[in-house]
Amino acid sequence: MTSERPTTLLAELTHRCPLHCPYCSNPLDLIRAEKEISTGDWKRVITEARALGVLQLGLSGGEPLVRKDTEELAAHARSLGLYSTLVTSGLGLTRPRAEKFREAGLEHIQISLQDADDDNAERIAGVRSVKQKRAAAALVRELGFAFTVNVVLHKANLDRIQEIIDLAAEMGADRLELANTQYYGWGLVNRDALMPTREQVDRAFEIAERAKQTHRGGMQILFVLPDYYEKYPKACYGGWGKVYLVVAPDGKVLPCHGATNITTIPYPNVREHSMEWIWQESPLFNAFRGDSWMKSPCSTCERKCVDFGGCRCQAFALTGDAAVADPICILSPHHHIIAAALADANATTPFTYRKLASEPQPA
Amino acid sequence: MLTATSIPSLWRLARVEYDDVRKRPVLLYPEGAVLLNDTGAAILKLVDGQRSVGDIARVLSERYNGAGSADPTEILNDVTAYLSTLADRELIRDQ
């Protein structure tokens, strides 16, 4: 049981996606269309999430526009007072659909870009996509949506950060999210191919800080540092099961989108339980609340109220134990794993593209 | 930092909503939310891109004067400080 109320629900409506980005935050074992929950299930999930206290909804994926009911879900969310964001690649955002979203009361659209260099952007996405993204961005501006451009940063695009900032400004973005790759799922598989050098990160950070000042009062710029280069881990969503929930395409509910890799605790599912029970009672949501689960060095560390031991999903992915300190932390007995990964940052490794096991790798 | 002559407007991406779960007004914007107290909500209700910070403080002074004690200078300082905090977070824009 907890007295905390969640503020944010990430609805991963589908894992289907026309893009194949090698840093995708979806799990390696992508969920197929036939396992996706229904429109009715999603409406109930959104209604129950609002009753729990959720204020923010991310309509995400995969590519949420692959589903035909996304507008209907946006309208439902707006009728409950939620602030919704469509998190899209831009592919599939046609004028008729964009207009339907407008009528549904959707407020905010986030479009991902892969790079400011067109050829490299399409190499990263594994598919021709630049023209469609530009057209989608123009439509978002024309119809007056709040507009965020999101770019996942890594070795292969970090050196063009200034060009990326200029491109987002030219597109008329209200917000630009520059988020360094997080190494879960596909990102972890591709870590050697994606990991930037310290010099790349430092230079990009300086440019982003300067741009924040230049664009102040106009485009808001957020720069998320790569945690591999930090001394201490991030306080993932303010701590486990405190403010955030993710519902996967098949109805699994997780405290973080990386949590599908934690295989030692059963996942609650909206097909079997209410969102209230899942938030309050489920073993998964209660597993890492408070600090009684902590091991040394976290249990006696004064930072345990600052970062809550870091990311449980990362601890599990890198050590096989979700209750140890996040190896990002310099105090972690597993920190050598991070040091070894950084030592490989200069390696040249090809991408393993995100895809279903039965799909061929994009050329 | 805003001054009495600044003309604040709410970021076009933000809106105030009443949260009937928490029984409080809340300022919503992309991927964020600020829970408001009644004073904060009363200030934001007067932010319309036309009134200056001084105008907003005057409206509130008159309102609270009717109810008893209120020092106009103190109210101006409070309103300026409150809106400046939101301006630091780029939620309030100075026109």
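The values are calculated or read from the model by the stated rules, or taken from the named source; none is laboratory data. Just so it is clear, the model here is predicted, and its values are computed rather than measured. Don't worry about glycine lacking a Cβ; one is built from the backbone with ideal geometry, like all the others, and counts go over all protein chains shown. Only protein heavy atoms, including side chains, enter the accessible area calculation; ligands, DNA and RNA are left aside. Shrake-Rupley method; radii C 1.70, N 1.55, O 1.52, S 1.80 Å.
Residues that are among the aliphatic types (A, V, I, L, M) and open to solvent by less than 40 Å² (accessible area, probe 1.4 Å) within the stretch A:318-336 comprise A:Leu318, A:Ala322, A:Ala323, A:Val324, A:Ala325, A:Ile328, listed in sequence order. Take the stretch B:12-25 and flag every residue that is crowded, with 21+ Cβ neighbours inside 10 Å and at the interface with another protein chain (Cβ under 7 Å from one of its Cβ atoms). Within the stretch B:12-25, just B:Leu13 meets the criteria. Each residue in the stretch A:264-279 was checked for being surrounded by 16 or more Cβ atoms within 10 Å (Cβ to Cβ) and outside any loop (DSSP other than H, G, I, E, B), and 4 pass.
Residue count for the stretch A:195-241, restricted to those that are within 14 Å of chain B (Cβ to nearest Cβ) and assigned to a loop (DSSP other than H, G, I, E, B): 5. Of the residues making up the stretch A:1-14, just one is over 23 Å from B:Pro30 (Cα atoms) and either within 14 Å of chain B (Cβ to nearest Cβ) or crowded, with 23+ Cβ neighbours inside 10 Å (or both), namely A:Ser3.
In the set (1) open to solvent by less than 30 Å² (accessible area, probe 1.4 Å); (2) among the charged types (D, E, K, R); (3) over 23 Å from A:Leu28 (Cβ atoms), A:Arg312 fails one condition alone, (3). Applying the condition of being crowded, with 20+ Cβ neighbours inside 10 Å and not in a loop (DSSP other than H, G, I, E, B) to the stretch A:67-82 and asking which residue is nearest to the other protein chains (Cβ to nearest Cβ) yields A:Ala77.
Going through (1) free of Cβ contacts under 8 Å to residues at least 40 places away in the same chain; (2) closer than 25 Å to A:Val130 by Cα; (3) open to solvent by 50 Å² or more (accessible area, probe 1.4 Å) one by one, A:Leu222 falls short only on (1).
Filtered by the rule that a residue be under 29 Å from A:Arg198 (Cα atoms) and crowded, with 20+ Cβ neighbours inside 10 Å, the stretch A:122-154 gives A:Ile124, A:Ala125, A:Gly126, A:Thr148, A:Val149, A:Val151, A:Val152, A:Leu153, A:His154. Figure legend. Inter-residue proximity from the stretch B:76-95: first residues closer than 21 Å to B:Gly32 by Cα, second residues surrounded by fewer than 20 Cβ atoms within 10 Å (Cβ to Cβ) and among the hydrophobic types (A, V, I, L, M, F, W, C), beta-carbon distance below 6 Å, spacing 6+ or different chains. Indicated pairs: B:Ser84/B:Met1. Of the residues making up the stretch A:280-303, those that are of a type outside the set (A, V, I, L, M), open to solvent by less than 50 Å² (accessible area, probe 1.4 Å) and over 27 Å from A:Gly251 (Cβ atoms) are A:Pro297, A:Cys298, A:Ser299, A:Cys301.
Candidates B:Leu28, B:Leu35, B:Leu86, B:Leu2: the one that is buried (at least 19 other Cβ atoms within 10 Å of the Cβ), modelled with pLDDT of 90 or more and at the interface with chain A (Cβ under 10 Å from one of its Cβ atoms) is B:Leu28.
Yes or no: B:Leu60 modelled with pLDDT under 95, not basic (Lys, Arg) and not in a strand (DSSP E or B)? Spelling it out, B:Leu60 is indeed modelled with pLDDT under 95, not basic (Lys, Arg) and not in a strand (DSSP E or B).
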